[in-house]
Amino acid sequence: MREGVPPEGAMPVTSSATVRAPGHVRRIVAHRVRRLRGAIRPRAKTEAPGLAEIPGDRPWQHKWNVLEVALAFAVANNIVGDYLEFGVYRGGSFIHAYRHHRQLFERYTLAHQARHTDDPFLRSKMRFFAFDSFEGLPASEQSEIPLHWRGDHAMSFSERRFLANLEAGGVDLTDVATVPGYYDISLTPDVGPRLGLTRAAVVNVDCDLGISTVPVLEFVEDFLVDGTVLIFDDWFYYRGHPGRGERGAFEAWLARHPELVASELMRLYPTVAFILNQREPG
Ligand SMILES: C[S@@+](CC[C@H](N)C(=O)[O-])C[C@H]1O[C@@H](n2cnc3c(N)ncnc32)[C@H](O)[C@@H]1O
């Protein structure tokens, strides 16, 4: 858009001090600006007029449903901890998680603060951690992955643009920390102490590949609490093979942790979420 030219459909603004566009116009303009800056996912081609909706063809909506349930579980169970997302790309699910949690928590606090003023959960504040190479997927065997993940550094999106999307999406950046880099290098033991990360309430694993999920699971071990929710966004890729992709990495990791028990919280293709608890002795 050219500078100084009002967006299509917007009222010309002469001076914000004297003339103010009506609320619905301001909302349309704000929406278009956010859309232009990439914060809002453009409508998929399948949503073109005349084409019927295809069940199962809107996986990003399904994953957002699972995300909402995971956050609701964390609030309803008063789990103190942060939100960790591995694979943030343009920020779509990250922004959704942030906004959804803020609403849930605000409502829960309003309902209970009068009788539980000093409760540690109500006094806590979830922080949001974004882990990504910001350079796209690492190299992997191309013939094994679907077309939409193939190519040189597929889904490359810079940290600067990611943060701009967050701002445009209404996220307070003081609540956010980014950890840039490929996981086999960036997920070092100093990350937690350096960023004040000690407890994870919800971990959203959306890095597509098994090779990416392995270091993620090793890293999060230090931050698990009773009731941490682990979401696997791409559980059903690799043709649903139980030993491959995010699913294969999780099954192998869980087998090395007999002290943990994983209970399924929700599954909605292509995503599955688990609750992790310590196994009761005996
Ligand atoms: C499907 S996108 C994430 C989409 C995002 N969660 C959403 O729903 O809006 C996958 C992301 O994982 C990141 N990623 C995958 N493997 C990685 C690795 N080994 N290290 C760092 N980032 C990785 C890619 O850079 C990409 O941004």
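Just a few scattered comments:
- Of the residues making up the stretch 107-115, at least one is more than 16 Å from the ligand (Cβ to nearest atom), of a type outside the set (S, T, N, Q) and not in a helix (DSSP H, G or I).
- Residue within the stretch 200-217 that is of a type in the set (A, V, I, L, M), part of a helix (DSSP H, G or I) and in contact with a Phe, Trp or Tyr (Cβ under 7 Å, 6 or more places away or on another chain) present: yes
- Enumeration of residues in the stretch 141-170 that are assigned to a loop (DSSP other than H, G, I, E, B), near the ligand (Cβ under 9 Å from one of its atoms) and under 15 Å from ASP234 (Cβ atoms): ALA154, MET155
- Neighbours by Cβ (under 7 Å, 6+ apart or cross-chain): first from the stretch 115-137, among the aliphatic types (A, V, I, L, M); second within 7 Å of the ligand (Cβ to nearest atom): ALA130/GLU85; ALA130/VAL88; ALA130/PHE94; LEU137/MET155; LEU137/ASP208; LEU137/LEU209
- Of all residues in the stretch 116-135, those satisfying the criterion of being under 26 Å from ALA201 (Cα atoms) and either basic (Lys, Arg) or within 10 Å of the ligand (Cβ to nearest atom) (or both) are ARG123, LYS125, ARG127, ALA130, PHE131, ASP132, SER133, PHE134.
Rundown of residues vs (1) within 10 Å of the ligand (Cβ to nearest atom); (2) out of contact with any strand residue (DSSP E or B) (no Cβ under 7 Å at 6 or more places or on another chain), yes/no style:
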{"site": "SER186", "(1), (2)": "yes, no"}
{"site": "PRO189", "(1), (2)": "no, yes"}
{"site": "LEU209", "(1), (2)": "yes, yes"}
{"site": "VAL214", "(1), (2)": "yes, yes"}
{"site": "ASP222", "(1), (2)": "no, yes"}
{"site": "THR228", "(1), (2)": "no, no"}
{"site": "TYR237", "(1), (2)": "no, yes"}
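- Set LEU137, LEU166: member being surrounded by 17 or more Cβ atoms within 10 Å (Cβ to Cβ), hydrophobic (A, V, I, L, M, F, W, C), farther than 21 Å from GLY210 by Cβ and out of contact with any Lys or Arg (no Cβ under 7 Å at 6 or more places or on another chain): LEU166
- Filtered by the rule that a residue be surrounded by 15 or more Cβ atoms within 10 Å (Cβ to Cβ), touching a helix residue (DSSP H, G or I) at 6+ places or on another chain (Cβ under 6 Å), of a type outside the set (Ser, Thr, Tyr) and not in a loop (DSSP other than H, G, I, E, B), the stretch 179-191 gives a lone residue, VAL179.
The numbers here are math on the coordinates, done by the rules we state, and not lab data. Being a predicted model, the structure only gives us computed values, none of them experimental. FYI the Cβ positions are ideal-geometry reconstructions off the backbone, even for glycines, and counts take in every protein chain you see.
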